[in-house]
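The values are calculated or read from the model by the stated rules, or taken from the named source; none is laboratory data. Computed from a predicted structure; not experimentally measured. Cβ coordinates were reconstructed from backbone atoms using ideal geometry, including for glycine residues, and neighbour counts include every protein chain displayed.
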Amino acid sequence: MQRRAFLRSACLNSFAVAGAMGCLPVSALAAESNSVAQSVDQLPPLKGDLTLYLGRGEGGLYENVLEAIRKRNPGFNLQIRRGVTAALANTIVAESKAGVRRADVFWAVDSGAIGLVADAGLARPLPADVTAQLKPGFQYPQWAPVTGRIRTLPYNTERVTPDRIPDSVMALADSDLSIGWAPAYASFQSFVTAMRLLEGEQATTDWLKGVSKRAKSYAGELGVVMGVERGEVDLGFANHYYTLRLKNGKPDANVDLAFTKNDAGCLVNASGILALSEGDLPINFIRYLLTREVQSYLASEAYEIPLVNSVQPPQGLPPLNTISPPKIDLTQLADLRPTLNLMRRVGVL
C-alpha cells in the first residue's frame, strides 16, 4: 500500500507544483507514432467555466485527477455532473433535442456511450495534434480514448489449472466450470453486445442459458474477482484491472488471468472523452487527460491501459502483442437495447 500512496503522491503532485470510431486492435497498443505524450508543463492554463458530465467509475480515481487539475488551474471553474455513463449519454442526447446544452465535455467509462453521443452529431472534431498523441488504432476524429480495458477470465489458481480453461468464450457454456458474473454491470452488457454482433442472436441466447446454469451473480466485477479468489467459483468474467488491483493489495491472492482468443471474451473497450461545446477550453481540458502525468497515474493506480504514446502499461498484464481481441466496430456497442431485451428474455436480468 505504501507503493500506491507514493505513486499517487508523485503523480498528483506533478500537477500541483509543475509549471469516427472503428476497431481497437490490441497490437496497436504496443505501437507508437512520432508524437509522444505531452507533460502538463507544456499545456496552457485552463481558465473559465466548464461543465463535465462524468460517468461513474474507478473508485474515485477519476475524481483525484480532476481535483489535481483544479488545483493546478485556480482560474478554472469545473462543474461536474456525475451519473451512470449510459444515462448521462441519453441525457446529453435528450437535452440536445430539447434545444439545451448543459455539458461542455463528456467523459464516459465505455466507448458505447461515446458512440451514442457521437452518432447524434453532437461531438466536436478534435485537432490533429490531440489525436496524434494516441497510439495507432486509437486515433479518432471526434473523441479521444483515455484508457483501455481488456475482458478477461480471472480464475482461482487452487481450483483450476490453465489447461482446463478453453480459449473460446463460447465453449464455457458447455464446460463443467463454475462461473461468476455480473449481468447488471455495464461492461458485461457491452461484452454480451459484442458477442451478439459477432456470434449472432441465437448463439448468444444459447450461451447465456448454458452459462446461467452454473453461474453465481455478483453486483459488480470487483465482486466477481473477489468471489473467484475466495474459491466461490472457478472463474469469472471481468475487466483486467479488477484482478490486477486485487493482486496488488494481496500478492498471494489465489487468482490469475486467462484470455480467450478472437472473440468477445477478450474484447478491448475504452473510456473516452469528447467535446460538446465550442471554444478552446473543452479541447484544452481533454489535453490534460492525455498528459504523461494523468496517463501514468491511471496506469499505476487504476491499472488501466494508457492509450497515449510513451506511457508504460500497468504491471501484471502479459505482453500486449500476445492478446488477440476481436475486430469489432465499437460504435455498434452503443445500442444496448437488443442486448438488454435478450438478457431479460433469458432471465439473467
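Looking only at residues of region 53-81 that are of a type outside the set (S, T, N, Q) and assigned to a loop (DSSP other than H, G, I, E, B), we find that the one that is modelled with the lowest pLDDT is 57.
For region 82-100, give me each residue that is among the small types (Gly, Ala, Ser) and in a helix (DSSP H, G or I). 86, 87, 89, 94, 96, listed by residue number. Quick one: in region 159-181, of everything that is charged (D, E, K, R) and more than 24 Å from the chain's Cα centre (by Cα), which residue is surrounded by the most Cβ atoms within 10 Å (Cβ to Cβ)? Looking at residues that are charged (D, E, K, R) and more than 24 Å from the chain's Cα centre (by Cα), I get 159. Number of residues in region 333-349 that are among the charged types (D, E, K, R), surrounded by 14 or more Cβ atoms within 10 Å (Cβ to Cβ) and part of a helix (DSSP H, G or I) equals 0. Give the residues of region 311-332 that are part of a loop (DSSP other than H, G, I, E, B) and touching an Asp or Glu at 6+ places or on another chain (Cβ under 8 Å), sorted by residue number. 314, 326 - these are the residues of region 311-332 that are part of a loop (DSSP other than H, G, I, E, B) and touching an Asp or Glu at 6+ places or on another chain (Cβ under 8 Å).
Within region 240-258, residues that are over 15 Å from residue 151 (Cβ atoms) reach partners that are surrounded by 17 or more Cβ atoms within 10 Å (Cβ to Cβ) and charged (D, E, K, R) with beta carbons closer than 6 Å, at six or more positions or on different chains, in the pairs 253/229; 253/247; 254/229; 255/229.
Taking residues in region 324-349 that are over 20 Å from residue 218 (Cβ atoms), and partners anywhere that are in a helix (DSSP H, G or I) and hydroxyl-bearing (Ser, Thr, Tyr), the pairs with Cβ atoms closer than 6 Å and at least 6 places apart or on different chains are 330/111; 333/190; 333/193. Looking across region 234-290 at every residue that is part of a loop (DSSP other than H, G, I, E, B) and aliphatic (A, V, I, L, M), the one that is surrounded by the fewest Cβ atoms within 10 Å (Cβ to Cβ) is identified as 253. Under the condition of being small (Gly, Ala, Ser) and crowded, with 16+ Cβ neighbours inside 10 Å, the residues counted in region 121-152 number 4.
For region 295-310, a residue qualifies if it is closer than 15 Å to residue 60 by Cα and either in a loop (DSSP other than H, G, I, E, B) or at pLDDT 95 or above (or both), and the qualifying residues are 302, 303, 304.
So that you can scan it fast, the table gives a plain yes or no per residue for (1) among the hydroxyl-bearing types (Ser, Thr, Tyr); (2) over 24 Å from residue 335 (Cα atoms):
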{"site": "161", "(1), (2)": "yes, yes"}
{"site": "193", "(1), (2)": "yes, no"}
{"site": "209", "(1), (2)": "no, no"}
{"site": "223", "(1), (2)": "no, yes"}
{"site": "233", "(1), (2)": "no, yes"}
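The condition (being in contact with a helix residue (DSSP H, G or I) (Cβ under 9 Å, 6 or more places away or on another chain) and in a helix (DSSP H, G or I)) is satisfied by just one residue among 122, 126, 116: 116. Quick check, is residue 103 modelled with pLDDT of 90 or more, outside the structural domain of residue 184 (by TED's automatic domain parsing) and surrounded by 15 or more Cβ atoms within 10 Å (Cβ to Cβ)? So residue 103 passes the test.
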